[in-house]
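The values are calculated or read from the model by the stated rules, or taken from the named source; none is laboratory data. Quantities reported herein were computed from a predicted structural model and do not represent experimental measurements. Note that each Cβ is placed from the backbone with ideal geometry, even for glycine, and that neighbours are counted across all protein chains shown. The accessibility values were calculated without ligands, DNA or RNA, using every heavy atom of the protein model including side chains. Shrake-Rupley method; radii C 1.70, N 1.55, O 1.52, S 1.80 Å.
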Amino acid sequence: MKPKPERASDFWRASRDGPWPSVVTSGELERADRQWMHTNGAGAYSMSTLALMHTRRYHGIFAAALTKPSGRYVIVSHADTTVDDGQRSYRLATHQFPNLAPTPGYRLLHSFAQDPLPRWIYRLGNADIERKLGLVRGQNAIVLAYTWYGRSPARLSFRPLMPLRPAHQLTREHGAMKQKVTLRTGAVEIQPVPQLAPITFGHGGVFMGSPDWWRRFEYLEDRECGLEFQEDMWTPGVFEIGLQPDQTSYLVISVGALPNRPPAELLTEAADFLRARDPGPTCSPAVRTLWVFAEQFCLDKAERPCLLAGYPVLDVRSRDTLLSIPGLLLSRGLVELAKEVLTALLAFQRGGLLCDSVDGKRRTPVPDASLWLFETARELIARSGAGDAFVQDRLYPALVRTFARVRSPTSRWVRLTADGLVANGAEDRALTWMDAQIGTRLVTPRRGLAVEFQALWSKGCETLALLAEQRGDAKVRALAENCSRAARIAFKARFWCHETDYPFDCISEDGETANAWADPAIRPNALVALAIDPELFEDWQTGAILERVEEELLTERGPRSLSPRDQKFVGYFGGTLAEQEAAYHQGTAWPHLFGFFARARARFVKGDPESLAALRQGLELAVDDGPVLGSVAQLANGDAPHRPAGCPAYAAAVAELLRALVTDLPAAEAERRSSEPGSIQ
């Protein structure tokens, strides 16, 4: 892998005392357009650009999880904040309105750091003000802290701008908001929308009610996607809070009752939790960054523990959950949480197949997620053992149900062919991870036999046979071993394309008829198959696959989803949603595929120190310069300079890079050391 060149636009760095990103913006909007995010383990989040100029409808100071984990509502989007020091009034807010330059609050922003809570420093003449925020762990509440570094007292004015709507929607001015205000000592309770719980503000100042609408905020990222991009926001009034030199003033916002502890204690708890996630200076900066950010996707405080697929738009998905468990949880030693997440996921298994979502809304079977369950089980067994009670009592029966469903001759969604290969059973659905659709048209139709399905099945049957042996279930063991053997024999006979020296991406079910077909497109799915079940390939085939991947697919952001030599290649991801759908799997680079490349490559080089060092360097360089500080985006342009795109913080990308750096490469290095002469076996 070639090392990635340094970027002049990369302004952020990790702090000296941990993996916490910091940016010196010096009043420049370009340096403040990166995004930050912060979560609370139960689905609530805060997210925006460093300048707090929202560019997506999903951005907001406080988005609460009203129906956990994915029913997120933007409660407080913006806040119009000013500081008056007695000589001058400074406006800290940055908003985008139609046909105007952004409001100039960003010019006062000196720096941002997330160490570990989001923190801003504003330069106001000869004084500074620090703003910090922290979500309360497990609760729909947030604490805002303002520390004044001036010689004399000042006054902070805080006007919350509240859309009070689901995160996917927008609000327009209407007459239904109610100025229902209840004043208590140190608190103000409002309930402008009767269908939502009251919103309570805890403060140490004065509240002046002045309900009004602020109109036509613009979200530039939404505009680029061809979506509605203007929004109106309601405000109940203004909080006036006194600021004393070198002292901190707090504002707490909660859905329902306020937390019953002091705000300083709540902030300390949130910060301590995140600091405890840091694996320490013995790990590389890239590993520490990924390790800490992995926590953002872990909803261990939700009603059903789960993993969120990505921020800010994605919810909880079966496929993404199973792809992410090894990296986000198992690589960090969170075995018990992995079991809890799997328990919640298995509750949505129907007829042996997992559904595409665990939020109870979408019940479409997802065959490849059901096959990924075997692979995730294999990773769990490596850490807990095949005799673990959860594995035997909960996981094994679920795998047997999937095994029986695939082998059923009447199964619609996925089934076995006569020679033991796994077929996509539905002609009208996208059943693999390449599932982009424009209306009813599949952008990347992969009907028939998909190459990665075969590896998931053959290796999965091997895993099932191991569990059946542990359980003493001779019948299932024999069936699983036979299925694994038959699948590998049939795969070797049918999937290699001699014209390309690379496996076919998909083939027809029957290879002996006049209507037989095969798709020779160079895609990364063969790489996935190689990483999962290397026994499907001879050594020379492994070398040919890796050579082709490095030559045509690999970029500094991850392997492309299609070779640029293919006439269907699309090298740019952007434009309207329809244009994005058309490009998703037609050439975009996917960082999570780096993990599969790392596993296959590490095995192939057989512990060569220089090759492993180069592989580690490439993986670590893939971590920086994403749209969200400390995270990795879902995908990137297939054409240089491979700009990150798609979901800005993607769980599977963080998980696979972390897994490769923490688990796969160290295992390869340990294997090399154990094979050296004189090593103790």
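The residue pairs whose first member lies in segment 219-232 and is loosely packed, with under 14 Cβ neighbours inside 10 Å, whose second member is part of a helix (DSSP H, G or I), and whose beta carbons are closer than 6 Å, counting only pairs six or more residues apart or on different chains, do not exist in this structure.
Between GLU375, GLU379, the distinction of being buried (at least 18 other Cβ atoms within 10 Å of the Cβ), touching a residue at least 60 places away in the same chain (Cβ under 8 Å) and closer than 27 Å to LEU530 by Cβ belongs to GLU375 only. Taking helices (runs of 4 or more DSSP H) as the structural unit, those lying wholly within segment 505-598 and holding at least 2 residues that are closer than 30 Å to GLY420 by Cα and modelled with pLDDT of 95 or more correspond to 525-532, 539-548. Note on segment 179-220: among residues that are part of a loop (DSSP other than H, G, I, E, B) and touching a Gly at 6+ places or on another chain (Cβ under 9 Å), the one that is modelled with the lowest pLDDT is GLN179. When ALA652 is tested against the conditions (1) farther than 22 Å from LEU329 by Cβ; (2) crowded, with 24+ Cβ neighbours inside 10 Å; (3) in contact with an Asp or Glu (Cβ under 6 Å, 6 or more places away or on another chain), the lone failure is (1). Each residue in segment 612-634 was checked for being at positive phi and either part of a helix (DSSP H, G or I) or touching a helix residue (DSSP H, G or I) at 6+ places or on another chain (Cβ under 9 Å) (or both), and 1 of them qualify.
In the set THR103, THR147, only one residue is among the polar types (S, T, N, Q), within 28 Å of PHE229 (Cα to Cα) and over 25 Å from the mean Cα position of the chain (by Cα); that residue is THR103.
Per the conditions (1) farther than 23 Å from GLU481 by Cα; (2) among the hydrophobic types (A, V, I, L, M, F, W, C); (3) touching a Phe, Trp or Tyr at 6+ places or on another chain (Cβ under 9 Å), the sole criterion not satisfied by ALA377 is (1).
Scoring LEU334 on the criteria (1) modelled with pLDDT under 95; (2) open to solvent by 20 Å² or more (accessible area, probe 1.4 Å) leaves a single failure, condition (1). Do you know which of the residues in segment 531-545 that are more than 10 Å from PRO503 (Cα to Cα) and crowded, with 19+ Cβ neighbours inside 10 Å is farthest from the chain's Cα centre (by Cα)? Applying the filter and picking the extreme gives LEU536. The requirement of being open to solvent by less than 20 Å² (accessible area, probe 1.4 Å) and more than 27 Å from ARG288 (Cβ to Cβ) is fulfilled nowhere in segment 41-52; no residue meets it.
Residues of segment 382-412 being over 16 Å from LEU330 (Cα atoms), open to solvent by 30 Å² or more (accessible area, probe 1.4 Å) and assigned to a helix (DSSP H, G or I), which ones? Listed by number, the residues that qualify are ALA389, ASP393, ARG394, PRO397, VAL400, ARG401, ALA404, ARG405, ARG407. Within segment 627-681, the residues that satisfy the criterion of being among the charged types (D, E, K, R) and modelled with pLDDT of 90 or more are ASP639, ARG643, GLU656, ARG659, ASP664. Filtered by the rule that a residue be open to solvent by less than 20 Å² (accessible area, probe 1.4 Å) and out of contact with any Cys (no Cβ under 8 Å at 6 or more places or on another chain), segment 459-475 gives GLY460, THR463, LEU464, ALA465, LEU467, ALA468.
Could you check segment 133-149 and list, in sequence order, the residues that are modelled with pLDDT of 95 or more, among the small types (Gly, Ala, Ser) and either open to solvent by 10 Å² or more (accessible area, probe 1.4 Å) or within 18 Å of ARG123 (Cα to Cα) (or both)? Result: ALA145, single match.
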